[in-house]
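The values are calculated or read from the model by the stated rules, or taken from the named source; none is laboratory data. The model shown is predicted, which means the values in this text are computed figures rather than measured ones. Here the Cβ positions follow ideal geometry from the backbone for every residue, glycine too, while neighbour counts run over all protein chains shown. Heavy atoms of the whole protein, side chains included, go into the accessibility calculation; ligands, DNA and RNA do not. Shrake-Rupley method; radii C 1.70, N 1.55, O 1.52, S 1.80 Å.
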Amino acid sequence: MPTGVHLRDARQQLFDAAERVLLRAGPTGLTSRAVTDEAGCAKGVLHRHFTDFDGFLAELVLDRAARLEARARALREAAGTGTVADNLTAALTTLFEPVPVAIIPLITFRDELRARLRQARPGGGIAILAEVTTAVSGYLADERARGRIAPDADLDSLALSLVGGGHLLFADRDPGPPTTATVRRLVASVLAGHVRGDG
């Protein structure tokens, strides 16, 4: 690969290339060589912008986790509108898109990446899953404040059930993502007995 290839926004292009490799080849296929080949640049370009490959991966995960914040805000803004089940169904479908789902096994696959993420994000939790759980918990709290979730509902348990169940549904990529009806059945089952009024 020629070393003179100029990347206008090297970090973003390398992140996008890493996503494509991750989706195509999984965590075991995601190497620095695969990323730079996919980006069409010399391997040294990655090392000019990041201390090492695990540093690159940590930045990739943190960048993609930050992108979930806008989706989390949209869920919080939906509180009080539509139905709780429909809002959560749409949110889980959006929050568990292919890239976030593919990043989760990458984190569990690489010990050094987990260590870097723990340094960058004190307080624990697996990046991506932590963001989704925070979004769902916040939304449920907002709906409880509006009287659409029972006041005695254990929001932490509900959020963990929704996120864990949602992750299991979306993690099985063959033959594709679950249908909206499948996601809604999970949500309705978890929320059974906890939704009040017209929620």
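Kindly indicate whether Leu155 is over 29 Å from Asp16 (Cα atoms) and without any contact (Cβ under 8 Å) to a residue 40 or more places away in the chain.
Working: over 29 Å from Asp16 (Cα atoms): yes; without any contact (Cβ under 8 Å) to a residue 40 or more places away in the chain: yes.
Yes, satisfied.
If you go through segment 16-52 one residue at a time, how many are free of Cβ contacts under 8 Å to residues at least 40 places away in the same chain and open to solvent by less than 30 Å² (accessible area, probe 1.4 Å)? Give the derivation first.
To start, the set of residues in segment 16-52 that are free of Cβ contacts under 8 Å to residues at least 40 places away in the same chain comprises 16-17, 20-21, 24-25, 29, 31-40, 46-52.
If we keep only those that are open to solvent by less than 30 Å² (accessible area, probe 1.4 Å) as well, we get 17, 21, 29, 32, 34-36, 39-40, 46, 50.
Counting residues in segment 16-52 that are free of Cβ contacts under 8 Å to residues at least 40 places away in the same chain and open to solvent by less than 30 Å² (accessible area, probe 1.4 Å) gives 11.
Working only within segment 80-130, note down all residues that are of a type in the set (S, T, N, Q), without any contact (Cβ under 8 Å) to a residue 40 or more places away in the chain and part of a helix (DSSP H, G or I). Steps first, please.
Kept after step one, since they are of a type in the set (S, T, N, Q), are these residues of segment 80-130: 81, 83, 87, 89, 93-94, 108, 119.
Filter once more, keeping what is without any contact (Cβ under 8 Å) to a residue 40 or more places away in the chain: 81, 94, 108, 119.
Within segment 80-130, Thr94, Thr108, Gln119 qualify.
Could you count how many residues in segment 131-181 are open to solvent by 40 Å² or more (accessible area, probe 1.4 Å) and among the hydroxyl-bearing types (Ser, Thr, Tyr)?
Total meeting the criteria: 5.
Which residue pairs have Cβ atoms under 8 Å apart, sit 6 or more places apart or on different chains, and have a first residue in segment 168-195 that is over 18 Å from Pro100 (Cα atoms) and in contact (Cβ under 8 Å) with a residue 12 or more places away in the chain and a second that is open to solvent by 40 Å² or more (accessible area, probe 1.4 Å) and not β-branched (Val, Ile, Thr)?
What qualifies is Thr182/Leu169; Arg184/Asp86; Leu186/Leu169; Val190/Ser161.
Can you tell me which residue among Thr36, Thr93, Thr108, Thr89 is hydroxyl-bearing (Ser, Thr, Tyr) and over 20 Å from Leu129 (Cβ atoms)? Outline the logic, then answer.
Details: Thr93 fails: over 20 Å from Leu129 (Cβ atoms); Thr108 fails: over 20 Å from Leu129 (Cβ atoms); Thr89 fails: over 20 Å from Leu129 (Cβ atoms).
None of the other options fit; the residue is Thr36.
Check Arg11 against each of (1) open to solvent by 10 Å² or more (accessible area, probe 1.4 Å); (2) on the phi < 0 side of the Ramachandran plot; (3) out of contact with any His (no Cβ under 6 Å at 6 or more places or on another chain) and name the one condition it does not meet.
(3)
Within segment 131-153, which residues are among the aliphatic types (A, V, I, L, M) and not in a helix (DSSP H, G or I)? Explain how you work it out, then say what you get.
At the first step, the residues of segment 131-153 found to be among the aliphatic types (A, V, I, L, M) are 132, 135-136, 140-141, 145, 149-150, 153.
Within segment 131-153, Ile149, Ala150, Ala153 qualify.
So that you can scan it fast, the table gives a plain yes or no per residue for (1) under 15 Å from the mean Cα position of the chain (by Cα); (2) modelled with pLDDT under 95; (3) of a type in the set (Ser, Thr, Tyr); (4) within 25 Å of Gly26 (Cα to Cα):
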{"site": "Tyr139", "(1), (2), (3), (4)": "no, no, yes, no"}
{"site": "Arg148", "(1), (2), (3), (4)": "no, no, no, no"}
{"site": "Asp154", "(1), (2), (3), (4)": "no, no, no, no"}
{"site": "Ser161", "(1), (2), (3), (4)": "no, no, yes, no"}
{"site": "Ala171", "(1), (2), (3), (4)": "yes, yes, no, yes"}
{"site": "Thr179", "(1), (2), (3), (4)": "no, yes, yes, yes"}
{"site": "Arg184", "(1), (2), (3), (4)": "no, no, no, no"}
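If you check Leu62 against the conditions, is it part of a helix (DSSP H, G or I), among the aliphatic types (A, V, I, L, M), surrounded by 19 or more Cβ atoms within 10 Å (Cβ to Cβ) and on the phi < 0 side of the Ramachandran plot?
On the way: part of a helix (DSSP H, G or I): yes; among the aliphatic types (A, V, I, L, M): yes; surrounded by 19 or more Cβ atoms within 10 Å (Cβ to Cβ): no; on the phi < 0 side of the Ramachandran plot: yes.
No: the conditions fail for Leu62.
For segment 65-79, name all the residues that are of a type in the set (Gly, Ala, Ser), more than 11 Å from the chain's Cα centre (by Cα) and assigned to a helix (DSSP H, G or I). Steps first, answer last, please.
At the first step, the residues of segment 65-79 found to be of a type in the set (Gly, Ala, Ser) are 65-66, 70, 72, 74, 78-79.
When the remaining residues are screened for being more than 11 Å from the chain's Cα centre (by Cα), the result is 70, 74, 78-79.
Once the filter is applied, which keeps residues that are of a type in the set (Gly, Ala, Ser), more than 11 Å from the chain's Cα centre (by Cα) and assigned to a helix (DSSP H, G or I), segment 65-79 yields Ala70, Ala74.
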